[in-house]
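Structure first, then comments.
The values are calculated or read from the model by the stated rules, or taken from the named source; none is laboratory data. Quick caveat: nothing in here was measured; it's all calculated off a predicted structure. In this analysis, Cβ positions are derived from the backbone assuming ideal geometry, glycine residues included, and neighbour counts consider all displayed protein chains. Heads up: the accessible areas ignore ligands, DNA and RNA and are worked out on the full protein's heavy atoms, side chains in. Shrake-Rupley method; radii C 1.70, N 1.55, O 1.52, S 1.80 Å.
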Amino acid sequence: MQSQTKSIRVFAPATVANLSCGFDVLGCCLDTVGDEMVISITSEPGVRITKIEGADLPLETRKNVAGVAVEALLEAYESEVGIEIEIYKNIKAGSGIGSSAASSAGAVWAVNHLLDNPFSPQKLVEFAMEGEKLASGNAHADNVAPALLGGFTLVRSYAPLDVIKLHTPEDLVMTVIHPQIEVKTSDARSVIKQKVTLQQAIHQWGNVGGLISGLFTENYDLIGRSLEDVIIEPMRSILIPEFKNVKKAAMDKGALGCGISGSGPSIFALSKGMETAKLVATAIREVYSKTGLDFDIHISKINSKGIKIIE
Ligand code: ADP
């Protein structure tokens, strides 16, 4: 049995999944938006969520993604451990910037750290995916992988799981607008047709290859040309007010690309340099101000480290 009480506070970052062409496989990690969590090892075995601030989410272990993800980890860990979790939410649930992923990934990362890292990052992705399964009915890894590994990540394969960390060019900056309407991942998934044409597939895998090559060679023009989605965006963008106008405003200000963040309703624009990212933010704020909807805008460099301990 563990001795009472070892504890750490972590920053659990928001993430942008899909990145236009990479539905369910690509994602990247933000560094100015995220939750905080305090994770402790206690003497009483089992997983308990003792506090949640900033959001109305279930404290019940089996109903909270953090609880489910940690239970998956403890099942694979041979000895009995007690874990207590406090969650301080800044990322709104259903925002499309990985609210559920931040909790699942942050919790398993912190528990692994407290146990002296028995599990590899890839294994942690698997445990955190159990949380994603609870949130959306689908064990996707495109948010939890960048939260855990940092930077840009690719899920090359789901079975078996094969997650690859990509290169992060220094000058990339994200601008994200979160309209305060809730689009549940499960709803956003239900509007997607299950079949794609060969022509669409050719278009899309050309872009995935282009984007990955552009990241590794720091070719910003190629990154921009590759941020295109001919499959999901046409179907999902109808759920997001002013999507077309936001995209036009961002591209007019010089963004490399603009698309739906995860399952929406957040929209991301990727730019080269902070100056352009700020111009993009001003332009999209202007578009959204006319809607009467509440919204948040975040500007963030790419966080190449992922989850980290904070004092
Ligand atoms: P996002 O894309 O922002 O992660 P999702 O719709 O995928 O949003 O996940 C949010 C869902 O997960 C909500 O239904 C929420 O109640 C549920 N959930 C359970 N635990 C948590 C948690 N710790 N953090 C965020 N969402 C959680």
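Things to note:
- Residue-averaged [θ]222 nm for the chain, counting only DSSP H segments that reach four residues, each worth -39500 (n - 2.57): -11000 deg cm²/dmol
- Cα-centre dipole for the chain with unit charges at Cβ (Lys and Arg positive, Asp and Glu negative), debye to 20: 760 debye
- Tensor-based shape of segment 159-217 (alpha-carbon gyration tensor, a/c under 1.5 rounded, otherwise prolate or oblate): oblate
- Cα gyration tensor, segment 153-281 - rounded (a/c under 1.5), prolate or oblate: oblate
- Dipole magnitude of segment 157-311 about its Cα centre (Cβ charges: Lys, Arg +1; Asp, Glu -1), debye to nearest 20: 260 debye
- Spatial separation of Cα centroids for segment 212-285 and segment 119-145, in angstrom: 25 Å
- The listed peptides 15-25, 291-301, 98-108, ordered by packing as a protection proxy, come out as 98-108, 15-25, 291-301 (highest mean of other Cβ atoms within 10 Å first).
- Working note: Cα gyration tensor of segment 17-110, eigenvalues times five, square-rooted, sorted largest first, giving semi-axes of 25, 16, 11 Å.
- Segment 168-221, accessible area per residue, ligands and nucleic acids excluded (1.4 Å, Å²): 56 Å²
- Efficiency of FRET from Cβ geometry, residue 274 and residue 6, R₀ 41 Å, rounded to 0.05: 0.60
- Counting lysine pairs in segment 214-311 whose alpha carbons fall under 15 angstrom apart, excluding pairs fewer than 8 residues apart on the same chain, gives 7.
- Relative contact order of the chain, defined on C-alpha pairs under 8 angstrom at six or more residues apart (%): 24 percent
- The calculated FRET efficiency for the pair residue 199 and residue 244, based on their C-beta separation and a Förster distance of 25 Å, comes to about 0.65.
- Computed from phi, the 3J(HN,Hα) profile of segment 264-273 under the Karplus parametrisation 6.51, -1.76, 1.60 (θ = phi - 60°) reads x, x, 5, 10, 10, 10, 9, 10, 8, x Hz, with x in place of Gly and Pro.
- Phi to ³J(HN,Hα) by Karplus 6.51 cos²θ - 1.76 cosθ + 1.60 over segment 297-311, Hz, x for Gly, Pro: 10, 10, 10, 8, 6, 7, 8, 7, 9, x, 5, 9, 7, 10, 7
- FRET E, pair residue 50, residue 217, Förster distance 45 Å, beta-carbon r, rounded to 0.05: 0.45
- Gain on full stretching of the segment that runs from residue 181 to residue 162 - 0.36 nm per residue minus C-alpha separation: 3.5 nm
- For the chain, the spread of Cα positions along each principal axis, largest first, Å: 59, 41, 36
- Length-normalised contact order for segment 247-311 - Cα pairs under 8 Å, 6+ apart - percent: 26 percent
- Along segment 88-98 the Karplus relation, 6.51 cos²θ - 1.76 cosθ + 1.60 evaluated at θ = phi - 60°, assigns HN-Hα couplings of 10, 7, 10, 8, 6, 4, x, 7, x, 10, x Hz to successive residues, with x for each Gly and Pro.
- Rough spin-label spacing in nm, given labels placed 7 Å along Cα→Cβ, for residue 59 and residue 290: 4.7 nm
- Global form of segment 213-263, assessed from the alpha-carbon gyration tensor, a/c cut-off 1.5: oblate
- Surface composition of the chain: carbon and sulfur atoms hold 50% of the protein heavy-atom accessible area at a 1.4 Å probe.
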